[in-house]
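Chemist: Here's a structure for you.
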Amino acid sequence: MKKFTQDELDTFNRHLQGIPPAEVIQWVIDNCNRPVVTTNFRPYEAAILHACTNILPAIKVIWCDTGYNTPQTYRHAKEVIDKLDLNVKLYMPLQTAAYRDAIFEGVPQVDDPNHAEFTRQVKLEPFQRAMQEHEPDVWFTNLRKGQTAFRDSIGILSYSKDGILKVSPFYHWSDEKLDKYLVENNLPNEFRYFDPTKVLTNRECGLHA
């Protein structure tokens, strides 16, 4: 997909606000070559996975599993994968959780000097490995306004640190609208989710900011 200037991005983001997510996804799919959608199966992820696979059933779904998900999240992931017949590409840390438990003595707190290395091992390195292997020109995400200060500063379209076009079709949607979407499309949701790298829900983990 062609590289947009910041002015073009700003113009597109103004025009795309209010456009149904399916239309945004269709427009992007029609103009790109190697799209992927990423997921961690946190709450409301079924929406972006459903919307993308409705238009491109075989789209690559990159799941970077930290290994620290709750049992409920793993069961939810299996349900969504089976229901939508997802083309999942699974990436996990190179080190085991047992190794990190021994080296870091558990999950480091955010103010622990080991937290940065822990985050690199469980999230950043698997994600970078996935991107290097699949070389996407478009990255669909379920980022939404109001989640973090950084996410409030972007839009439906933005660029990753590596220059990949990120597309967040549900960017302006509220939880209430997504609840309705899930019900209308008979999709599951799961709120018992844990991200060991973020600690606080309004803190970025490093993939996006």
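The values are calculated or read from the model by the stated rules, or taken from the named source; none is laboratory data. Quick caveat: nothing in here was measured; it's all calculated off a predicted structure. As a convention, Cβ positions derive from the backbone with ideal geometry for all residues, glycine included, and neighbour counts pool all protein chains shown. The protein model used for the area step is the full one, side chains on, heavy atoms only, and it has no ligands, DNA or RNA in it. Shrake-Rupley method; radii C 1.70, N 1.55, O 1.52, S 1.80 Å.
One line per residue, one yes/no per condition, for (1) without any contact (Cβ under 8 Å) to a residue 60 or more places away in the chain; (2) within 19 Å of residue 158 (Cβ to Cβ):
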site: 2; (1), (2): yes, yes
site: 13; (1), (2): no, yes
site: 28; (1), (2): no, yes
site: 32; (1), (2): no, yes
site: 36; (1), (2): no, yes
site: 42; (1), (2): no, no
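Chemist: Same structure again: Quick one: would you say residue 95 is open to solvent by 40 Å² or more (accessible area, probe 1.4 Å) and in contact with a Lys or Arg (Cβ under 6 Å, 6 or more places away or on another chain)?
Modeler: So residue 95 fails the test.
Chemist: Could you tell me which of the residues 135, 105, 117 is on the phi > 0 side of the Ramachandran plot, open to solvent by 50 Å² or more (accessible area, probe 1.4 Å) and free of Cβ contacts under 8 Å to residues at least 24 places away in the same chain?
Modeler: Testing whether each residue is on the phi > 0 side of the Ramachandran plot, open to solvent by 50 Å² or more (accessible area, probe 1.4 Å) and free of Cβ contacts under 8 Å to residues at least 24 places away in the same chain leaves just 105.
Chemist: For the stretch 35-54, check the following and say yes or no: at least one residue is at negative phi, among the basic types (Lys, Arg) and out of contact with any Phe, Trp or Tyr (no Cβ under 8 Å at 6 or more places or on another chain).
Modeler: no
Chemist: Within the stretch 158-190, restricting attention to residues that are modelled with pLDDT of 95 or more and open to solvent by 70 Å² or more (accessible area, probe 1.4 Å), which residue is nearest to residue 12 (Cα to Cα)?
Modeler: Checking each candidate, the answer is 177.
Chemist: A further question on this structure: If I ask for residues that are more than 30 Å from residue 167 (Cβ to Cβ), under 22 Å from the mean Cα position of the chain (by Cα) and part of a loop (DSSP other than H, G, I, E, B), which ones from the stretch 108-145 would you list?
Modeler: none
Chemist: Between 84, 94, 90, which is in contact (Cβ under 8 Å) with a residue 12 or more places away in the chain and over 18 Å from the mean Cα position of the chain (by Cα)?
Modeler: 94
Chemist: Name the residues in the stretch 43-68 that are open to solvent by 20 Å² or more (accessible area, probe 1.4 Å), within 29 Å of residue 96 (Cα to Cα) and at pLDDT 95 or above, would you?
Modeler: Of everything in the stretch 43-68, those that are open to solvent by 20 Å² or more (accessible area, probe 1.4 Å), within 29 Å of residue 96 (Cα to Cα) and at pLDDT 95 or above turn out to be 43, 60, 63, 64.
Chemist: If residue 21 satisfies every condition in (1) open to solvent by less than 30 Å² (accessible area, probe 1.4 Å); (2) within 13 Å of the chain's Cα centre (by Cα); (3) over 17 Å from residue 83 (Cβ atoms); (4) of a type outside the set (A, V, I, L, M, F, W, C) but one, which is the exception?
Modeler: (2)
Chemist: Just checking, does the stretch 71-81 include any residue being modelled with pLDDT of 95 or more and of a type in the set (Gly, Ala, Ser)?
Modeler: yes
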